[in-house]
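Worksheet: the structure to be examined is printed underneath.
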Amino acid sequence: MTVPLGAFIAVSAVLFFLGAAGVLIRRNAVVILMCVELMLNASNLALVAFSRRAGQLGAGNPLDQRGSVFVVFVFVIAAAEVAVGLAIILAAYRNRPTVNVDEIHEMKG
Amino acid sequence: MFDFLEPFFFAVFSLGIIGAGVCVVMLRRITAQALLMALTFASMAGMFLLLGAETIALFQVLIYVGAITILILFGVMFTKQDDRGYALFFQKQTPWAAAFTLVIAVPVVFLAFSFKDAITPSGKGGDLIPLAGSLFTDYAFPFEIASVLLLAALVGAIVLVKRDEQ
(Lines give C-alpha, C1' and ligand atoms only; values in the text may rest on other atoms or scores of the structure.)
Protein backbone atom coordinates (compact mmCIF):
# COMPACT_ATOMS: atom_id res chain seq x y z
CA MET A 1 0.00 0.00 0.00
CA THR A 2 1.71 3.12 -1.19
CA VAL A 3 0.66 6.71 -1.47
CA PRO A 4 -0.27 7.68 -5.04
CA LEU A 5 1.41 10.55 -6.79
CA GLY A 6 -1.88 12.46 -6.95
CA ALA A 7 -2.01 12.77 -3.15
CA PHE A 8 1.34 14.58 -3.10
CA ILE A 9 0.27 16.83 -5.96
CA ALA A 10 -3.03 17.59 -4.21
CA VAL A 11 -1.26 18.59 -0.98
CA SER A 12 1.07 20.77 -3.03
CA ALA A 13 -1.85 22.43 -4.84
CA VAL A 14 -3.76 23.05 -1.61
CA LEU A 15 -0.72 24.66 0.01
CA PHE A 16 -0.05 26.75 -3.10
CA PHE A 17 -3.57 28.15 -3.19
CA LEU A 18 -3.55 28.74 0.56
CA GLY A 19 -0.46 30.86 0.02
CA ALA A 20 -2.06 32.64 -2.93
CA ALA A 21 -5.16 33.43 -0.89
CA GLY A 22 -2.95 34.70 1.91
CA VAL A 23 -1.04 36.99 -0.46
CA LEU A 24 -4.31 38.40 -1.79
CA ILE A 25 -6.14 38.72 1.53
CA ARG A 26 -3.57 39.69 4.16
CA ARG A 27 -2.37 43.29 4.38
CA ASN A 28 0.66 42.79 6.63
CA ALA A 29 3.78 42.90 4.49
CA VAL A 30 5.62 40.31 6.61
CA VAL A 31 2.67 37.91 6.41
CA ILE A 32 2.56 38.38 2.63
CA LEU A 33 6.23 37.40 2.51
CA MET A 34 5.47 34.27 4.56
CA CYS A 35 2.67 33.33 2.18
CA VAL A 36 4.97 33.72 -0.82
CA GLU A 37 7.37 31.33 0.89
CA LEU A 38 4.51 28.84 1.32
CA MET A 39 3.75 29.05 -2.39
CA LEU A 40 7.40 28.47 -3.35
CA ASN A 41 7.59 25.49 -1.02
CA ALA A 42 4.41 23.98 -2.47
CA SER A 43 5.95 24.17 -5.92
CA ASN A 44 9.01 22.35 -4.55
CA LEU A 45 6.82 19.45 -3.41
CA ALA A 46 5.25 19.13 -6.86
CA LEU A 47 8.68 19.25 -8.51
CA VAL A 48 10.12 16.52 -6.30
CA ALA A 49 7.04 14.30 -6.70
CA PHE A 50 7.05 14.54 -10.49
CA SER A 51 10.80 14.05 -10.57
CA ARG A 52 10.42 10.85 -8.57
CA ARG A 53 7.75 9.62 -10.99
CA ALA A 54 9.86 10.43 -14.03
CA GLY A 55 12.72 8.45 -12.52
CA GLN A 56 10.42 5.48 -11.90
CA LEU A 57 8.91 5.40 -15.36
CA GLY A 58 12.37 4.78 -16.71
CA ALA A 59 12.25 7.65 -19.16
CA GLY A 60 15.95 7.82 -19.80
CA ASN A 61 18.26 7.69 -16.85
CA PRO A 62 16.64 6.13 -13.77
CA LEU A 63 18.85 8.34 -11.64
CA ASP A 64 17.43 11.41 -13.31
CA GLN A 65 17.39 14.18 -10.74
CA ARG A 66 16.48 17.19 -12.84
CA GLY A 67 13.46 18.00 -10.68
CA SER A 68 15.58 17.97 -7.55
CA VAL A 69 18.19 20.17 -9.23
CA PHE A 70 15.43 22.63 -10.02
CA VAL A 71 14.36 22.52 -6.38
CA VAL A 72 17.88 23.52 -5.35
CA PHE A 73 17.61 26.58 -7.59
CA VAL A 74 14.19 27.38 -6.12
CA PHE A 75 15.86 27.31 -2.69
CA VAL A 76 18.42 29.85 -3.92
CA ILE A 77 15.72 32.10 -5.37
CA ALA A 78 13.66 31.84 -2.17
CA ALA A 79 16.61 32.80 0.01
CA ALA A 80 17.45 35.78 -2.18
CA GLU A 81 13.80 36.80 -2.35
CA VAL A 82 13.22 36.77 1.39
CA ALA A 83 16.43 38.72 2.06
CA VAL A 84 15.64 41.44 -0.47
CA GLY A 85 11.95 41.44 0.47
CA LEU A 86 12.67 42.02 4.13
CA ALA A 87 15.16 44.74 3.20
CA ILE A 88 12.48 46.47 1.13
CA ILE A 89 9.99 46.16 3.98
CA LEU A 90 12.49 47.68 6.40
CA ALA A 91 13.36 50.49 3.98
CA ALA A 92 9.67 51.32 3.51
CA TYR A 93 9.15 51.04 7.26
CA ARG A 94 11.81 53.68 7.81
CA ASN A 95 9.91 56.14 5.64
CA ARG A 96 6.53 55.35 7.11
CA PRO A 97 6.40 53.24 10.25
CA THR A 98 3.77 50.71 9.23
CA VAL A 99 3.77 47.27 7.67
CA ASN A 100 0.22 47.56 6.39
CA VAL A 101 0.57 47.55 2.62
CA ASP A 102 -2.65 49.52 2.17
CA GLU A 103 -1.04 52.47 3.93
CA ILE A 104 2.14 52.37 1.83
CA HIS A 105 0.47 53.62 -1.30
CA GLU A 106 2.98 56.14 -2.47
CA MET A 107 6.64 55.63 -3.19
CA LYS A 108 7.75 59.23 -2.64
CA GLY A 109 10.46 59.46 0.00
CA MET B 1 3.66 -5.79 7.76
CA PHE B 2 4.67 -2.14 8.04
CA ASP B 3 2.74 -1.22 4.93
CA PHE B 4 0.53 1.17 6.84
CA LEU B 5 3.46 3.34 7.91
CA GLU B 6 3.86 5.24 4.68
CA PRO B 7 0.20 6.35 4.38
CA PHE B 8 0.22 7.09 8.09
CA PHE B 9 3.21 9.41 7.85
CA PHE B 10 1.79 10.94 4.70
CA ALA B 11 -1.40 11.77 6.62
CA VAL B 12 0.58 13.24 9.53
CA PHE B 13 2.76 15.40 7.28
CA SER B 14 -0.08 16.59 5.08
CA LEU B 15 -2.08 17.48 8.18
CA GLY B 16 0.93 19.44 9.42
CA ILE B 17 1.38 21.21 6.10
CA ILE B 18 -2.23 22.13 5.47
CA GLY B 19 -3.22 22.80 9.07
CA ALA B 20 -0.25 25.05 9.76
CA GLY B 21 -0.69 26.68 6.35
CA VAL B 22 -4.30 27.57 7.18
CA CYS B 23 -3.11 29.00 10.48
CA VAL B 24 -0.45 31.11 8.73
CA VAL B 25 -3.10 32.59 6.46
CA MET B 26 -5.80 33.05 9.09
CA LEU B 27 -4.14 33.88 12.41
CA ARG B 28 -3.43 37.41 13.59
CA ARG B 29 -0.53 36.70 15.97
CA ILE B 30 2.52 37.26 13.89
CA THR B 31 5.09 35.36 15.95
CA ALA B 32 2.82 32.32 16.11
CA GLN B 33 2.35 32.61 12.38
CA ALA B 34 6.10 32.60 11.78
CA LEU B 35 6.58 29.54 13.98
CA LEU B 36 3.66 27.74 12.30
CA MET B 37 5.29 28.53 8.97
CA ALA B 38 8.36 26.72 10.33
CA LEU B 39 6.09 23.76 11.18
CA THR B 40 4.82 23.75 7.59
CA PHE B 41 8.40 23.69 6.32
CA ALA B 42 9.37 20.88 8.70
CA SER B 43 6.39 18.79 7.61
CA MET B 44 7.40 19.48 4.02
CA ALA B 45 10.85 18.09 4.83
CA GLY B 46 9.14 14.93 6.05
CA MET B 47 7.22 14.81 2.79
CA PHE B 48 10.49 14.97 0.86
CA LEU B 49 11.78 12.08 2.95
CA LEU B 50 8.68 10.06 2.01
CA LEU B 51 9.45 10.78 -1.62
CA GLY B 52 12.99 9.52 -1.17
CA ALA B 53 14.67 12.91 -1.66
CA GLU B 54 16.83 12.93 1.45
CA THR B 55 19.20 15.64 0.30
CA ILE B 56 16.35 17.99 -0.53
CA ALA B 57 14.84 17.28 2.90
CA LEU B 58 18.17 18.20 4.50
CA PHE B 59 18.36 21.44 2.50
CA GLN B 60 14.76 22.13 3.46
CA VAL B 61 15.54 21.88 7.16
CA LEU B 62 18.73 23.93 6.86
CA ILE B 63 17.44 26.71 4.61
CA TYR B 64 13.72 26.99 5.27
CA VAL B 65 13.28 25.83 8.86
CA GLY B 66 16.56 27.40 9.89
CA ALA B 67 17.49 30.43 7.86
CA ILE B 68 14.28 31.77 6.35
CA THR B 69 12.24 31.41 9.55
CA ILE B 70 14.92 33.26 11.51
CA LEU B 71 15.03 35.97 8.86
CA ILE B 72 11.25 36.39 8.97
CA LEU B 73 11.36 36.52 12.77
CA PHE B 74 13.98 39.29 12.52
CA GLY B 75 11.64 41.12 10.17
CA VAL B 76 8.85 40.74 12.72
CA MET B 77 11.07 42.09 15.49
CA PHE B 78 12.42 45.05 13.50
CA THR B 79 8.97 46.37 12.60
CA LYS B 80 6.19 47.49 14.87
CA GLN B 81 3.31 45.07 14.43
CA ASP B 82 0.28 47.19 15.10
CA ASP B 83 -2.35 45.09 16.75
CA ARG B 84 -5.18 47.42 15.97
CA GLY B 85 -8.05 45.47 14.53
CA TYR B 86 -8.23 46.16 10.88
CA ALA B 87 -10.90 43.66 9.99
CA LEU B 88 -9.41 40.62 8.35
CA PHE B 89 -12.60 39.27 6.85
CA PHE B 90 -14.34 42.49 5.92
CA GLN B 91 -11.88 44.18 3.64
CA LYS B 92 -13.11 44.99 0.21
CA GLN B 93 -10.71 42.66 -1.59
CA THR B 94 -11.38 39.58 0.56
CA PRO B 95 -14.50 38.16 -1.18
CA TRP B 96 -12.98 38.73 -4.62
CA ALA B 97 -9.70 37.16 -3.60
CA ALA B 98 -11.40 34.16 -1.99
CA ALA B 99 -13.71 33.61 -4.98
CA PHE B 100 -10.86 33.97 -7.47
CA THR B 101 -8.66 31.53 -5.56
CA LEU B 102 -11.45 28.98 -5.10
CA VAL B 103 -12.43 29.09 -8.76
CA ILE B 104 -8.89 28.18 -9.77
CA ALA B 105 -8.02 25.95 -6.81
CA VAL B 106 -10.92 23.50 -6.82
CA PRO B 107 -10.43 22.21 -10.39
CA VAL B 108 -6.67 22.04 -9.93
CA VAL B 109 -6.93 20.02 -6.72
CA PHE B 110 -9.41 17.63 -8.33
CA LEU B 111 -7.19 17.29 -11.38
CA ALA B 112 -4.26 16.50 -9.12
CA PHE B 113 -5.95 13.31 -7.95
CA SER B 114 -5.95 11.98 -11.50
CA PHE B 115 -2.27 11.01 -11.14
CA LYS B 116 -2.66 7.44 -9.97
CA ASP B 117 0.94 6.20 -10.22
CA ALA B 118 2.28 4.79 -7.01
CA ILE B 119 5.38 6.44 -5.62
CA THR B 120 7.80 3.94 -4.19
CA PRO B 121 11.01 5.08 -2.57
CA SER B 122 13.94 4.01 -4.68
CA GLY B 123 15.97 2.50 -1.85
CA LYS B 124 19.15 2.56 -3.86
CA GLY B 125 21.36 4.52 -1.53
CA GLY B 126 19.78 7.95 -1.53
CA ASP B 127 19.73 10.77 -3.99
CA LEU B 128 22.87 12.66 -2.99
CA ILE B 129 25.22 11.15 -5.58
CA PRO B 130 22.90 11.50 -8.62
CA LEU B 131 21.86 14.97 -7.48
CA ALA B 132 25.44 16.15 -7.08
CA GLY B 133 26.44 14.54 -10.36
CA SER B 134 23.67 16.35 -12.17
CA LEU B 135 24.22 19.65 -10.38
CA PHE B 136 27.97 19.88 -10.94
CA THR B 137 28.11 18.62 -14.52
CA ASP B 138 25.04 19.45 -16.58
CA TYR B 139 23.96 22.36 -14.42
CA ALA B 140 27.34 23.76 -13.40
CA PHE B 141 26.78 27.04 -15.25
CA PRO B 142 23.34 27.75 -13.72
CA PHE B 143 24.91 26.84 -10.37
CA GLU B 144 27.52 29.57 -10.81
CA ILE B 145 24.84 32.02 -11.94
CA ALA B 146 22.90 31.19 -8.77
CA SER B 147 25.92 32.13 -6.69
CA VAL B 148 26.10 35.48 -8.49
CA LEU B 149 22.38 35.96 -7.78
CA LEU B 150 22.95 35.29 -4.09
CA LEU B 151 25.81 37.79 -4.02
CA ALA B 152 23.62 40.39 -5.73
CA ALA B 153 20.83 39.76 -3.22
CA LEU B 154 23.29 40.09 -0.33
CA VAL B 155 24.65 43.39 -1.61
CA GLY B 156 21.16 44.64 -2.45
CA ALA B 157 19.82 43.84 1.00
CA ILE B 158 22.71 45.68 2.64
CA VAL B 159 22.31 48.70 0.37
CA LEU B 160 18.56 48.85 0.97
CA VAL B 161 18.72 48.83 4.76
CA LYS B 162 21.88 50.92 5.12
CA ARG B 163 21.25 54.28 6.74
CA ASP B 164 22.52 57.34 4.92
CA GLU B 165 25.45 58.90 6.72
CA GLN B 166 24.51 62.52 7.23
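For this structure, a couple of remarks:
- Heavy atoms of A:ASP102 accessible to a 1.4 Å probe, total area in Å² rounded to 10: 80
- Protein-only accessible surface at a 1.4 angstrom probe places the residues B:LYS92, B:LYS162 in the order B:LYS92, B:LYS162, largest first.
- Karplus-derived HN-Hα couplings along the range B:4-9 (A = 6.51, B = -1.76, C = 1.60, θ = phi - 60°), whole Hz, x at Gly and Pro: 6, 5, 5, x, 5, 5
- Set of aspartates and glutamates with alpha-carbon distance to B:LYS92 below 13 Å, sequence-local pairs under 8 removed: A:ASP102
- Of the solvent-accessible surface of the range A:5-95, computed with a 1.4 Å probe over protein heavy atoms with every protein chain present, carbon and sulfur atoms account for 73 percent.
- Listed values for the range B:43-48 are Karplus-derived 3J(HN,Hα) couplings in whole Hz (6.51 cos²θ - 1.76 cosθ + 1.60, θ = phi - 60°), namely 5, 5, 4, x, 4, 5, and x replaces Gly and Pro.
- Of all accessible heavy-atom area on chain B, the percent that carbon and sulfur account for (1.4 Å): 77
- Ordered by 1.4 Å accessible area with all protein chains kept, B:LEU128, B:LEU15 run largest first as B:LEU15, B:LEU128.
- Ranked by solvent-accessible area (1.4 Å probe, protein heavy atoms only, all chains present), the residues B:GLU6, A:GLU106 order from largest to smallest as A:GLU106, B:GLU6.
The values are calculated or read from the model by the stated rules, or taken from the named source; none is laboratory data. Just so we're clear, the structure is a prediction, and the values are computed from it rather than from any experiment. Remember, those area values only see protein heavy atoms, side chains included, never the ligands or the DNA or RNA. Shrake-Rupley method; radii C 1.70, N 1.55, O 1.52, S 1.80 Å.
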